[in-house]
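Here is the structure we will look at.
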Amino acid sequence: MKHAFRKIRLVAHLAYGMWVVATRFSRVTAQQRSELNRAWSLRFLQLAGMRLVVHNDGARLDEGALVVSNHVSWIDIYVINAWRPTRFVSKAEVRKWPVIGWFAEQLDTVFLQREKRSDAKRIVHELADHLIAGDVICVFPEGTTTDGRELLPFHANLFQAAVSAARPVQPLCLYYEDARGNQSTAPSYIGEMSLGESLDTLLRGTPLTAHVVVCDPLAPGAERRVLAAQAQAAVEGALDRLRPVGARARQQAVLGQTEQEADAAHAGDTPAANGPLAQ
């Protein structure tokens with residue numbers, strides 16, 4: 001019963017969002033649209049049982065940047081918009097999805113027909129124009145969603161937009177954490193899973209924390225394959241830092257080294273009353 005009630009609240013919030021977009025977006029400034037988008041997205045995450053944690057937000061670029069992120073789920077878009085509303089590049093099929101496709105179209109999503117190689121060239125030119133105009137564009141260079149545990153190779157094609165526009169690339173890492181502090185695959189939207197099945201799995205996995213790691217930007221100048229490799233390395237590094245196993249291993253290594261150094265330097269000493277062993 002609780003599960004059904006939460007789905008009803010989410011559907012109601014989607015309906016409210018459609019009303020806001022349909023009735024208010026044409027009458028407010030771009031900044032106000034961005035604020036409405038962010039507030040709506042934050043509330044959506046809250047209703048879905050998810051809180052947002054942003055890391056290294058001081059590195060964020062707010063204009064003329066190509067944001068590239070790993071891709072786990074349809075909810076990635078709302079997580080990113082809750083952090084900072086952004087124009088997205090999406091596969092053309094999304095335009096046909098109920099509600100979400102309409103939202104995507106109204107929020108100026110750039111749709112890519114992946115089966116047409118010629119369409120990629122068109123998109124690159126269009127994205128370069130947006131970047132030169134100062135827009136922030138987000139792409140998912142893996143080309144598909146994963147369960148979030150491993151990265152697929154970053155395709156370099158759309159990085160050409162940043163090269164052509166001489167604009168920086170900002171890697172972004174998304175990581176979903178369950179209530180026990182472990183990586184969660186509940187938000188993943190992969191294989192033949194339907195949108196409804198994905199939502200059910202997500203809600204059953206809550207409460208969740210969505211981590212957004214803002215990686216340091218990559219300066220313009222490198223060619224697209226180099227940028228793709230550098231961006232992938234940055235996202236992989238952020239994932240490694242967030243994973244509990246990697247974090248614990250590094251902490252144990254640091255603690256072990258510290259203890260060895262302390263034993264060698266202070267053999268036979270008695271800890272001070274306010275030292276690390278005092279309780």
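The values are calculated or read from the model by the stated rules, or taken from the named source; none is laboratory data. What you see is a predicted model; the values in this text were computed from it and never measured. Here the Cβ positions follow ideal geometry from the backbone for every residue, glycine too, while neighbour counts run over all protein chains shown.
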Looking at (1) among the hydrophobic types (A, V, I, L, M, F, W, C); (2) surrounded by 15 or more Cβ atoms within 10 Å (Cβ to Cβ); (3) within 16 Å of residue 85 (Cα to Cα), which one does residue 48 not meet, given that it meets all the others?
(3)
Restrict the check to segment 43-52 and report whether at least one residue is charged (D, E, K, R) and either more than 21 Å from residue 211 (Cβ to Cβ) or modelled with pLDDT under 90 (or both).
no
Search segment 93-112 for residues that are within 13 Å of residue 74 (Cα to Cα) and pair each with any residue that is basic (Lys, Arg) and assigned to a helix (DSSP H, G or I) when their beta-carbon atoms are under 9 Å apart and the residues are at least 6 apart or on different chains.
101/95; 104/95
For segment 197-215, which residues satisfy the criterion of being assigned to a strand (DSSP E or B) and either exposed (fewer than 14 other Cβ atoms within 10 Å of the Cβ) or of a type in the set (Val, Ile, Thr) (or both)?
209, 212, 213, 214
Among the numbered criteria (1) closer than 28 Å to residue 2 by Cα; (2) polar (S, T, N, Q); (3) surrounded by fewer than 17 Cβ atoms within 10 Å (Cβ to Cβ), which one does residue 184 miss?
(3)
I'm checking my understanding of the structure. Among residues of segment 42-87 that are in contact with a Leu (Cβ under 8 Å, 6 or more places away or on another chain) and among the basic types (Lys, Arg), which one is nearest to residue 234 (Cα to Cα)?
87
Consider residue 158 carefully, then state whether it is under 30 Å from residue 243 (Cβ atoms), within 20 Å of the chain's Cα centre (by Cα) and modelled with pLDDT of 90 or more.
yes
Those residues of segment 151-166 which are among the polar types (S, T, N, Q) and not in a loop (DSSP other than H, G, I, E, B) amount to 160, 164
Could you please let me know if residue 108 is closer than 26 Å to residue 34 by Cβ, among the charged types (D, E, K, R) and either out of contact with any Asp or Glu (no Cβ under 7 Å at 6 or more places or on another chain) or crowded, with 17+ Cβ neighbours inside 10 Å (or both)?
yes
If I ask for residues that are of a type in the set (A, V, I, L, M) and either modelled with pLDDT under 95 or not in a helix (DSSP H, G or I) (or both), which ones from segment 216-238 would you list?
218, 219, 222
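Per-residue answers, yes or no, for (1) surrounded by 15 or more Cβ atoms within 10 Å (Cβ to Cβ); (2) within 19 Å of residue 186 (Cβ to Cβ); (3) among the polar types (S, T, N, Q); (4) modelled with pLDDT of 80 or more:
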| position | (1), (2), (3), (4) |
| --- | --- |
| 69 | yes, yes, yes, yes |
| 74 | yes, yes, no, yes |
| 77 | yes, yes, no, yes |
| 84 | yes, no, no, yes |
| 88 | yes, no, no, yes |
| 99 | no, no, no, no |
| 128 | yes, no, no, yes |
Regarding residue 57, is this residue touching a strand residue (DSSP E or B) at 6+ places or on another chain (Cβ under 6 Å), exposed (fewer than 15 other Cβ atoms within 10 Å of the Cβ) and under 17 Å from residue 140 (Cα atoms)?
no
Every residue from segment 111-126 that is in contact with a strand residue (DSSP E or B) (Cβ under 9 Å, 6 or more places away or on another chain), modelled with pLDDT under 80 and surrounded by fewer than 18 Cβ atoms within 10 Å (Cβ to Cβ)
113, 114, 119, 120
Say whether the condition of being within 18 Å of residue 210 (Cβ to Cβ) and either assigned to a helix (DSSP H, G or I) or of a type in the set (A, V, I, L, M, F, W, C) (or both) is met by at least one residue in segment 14-36.
no
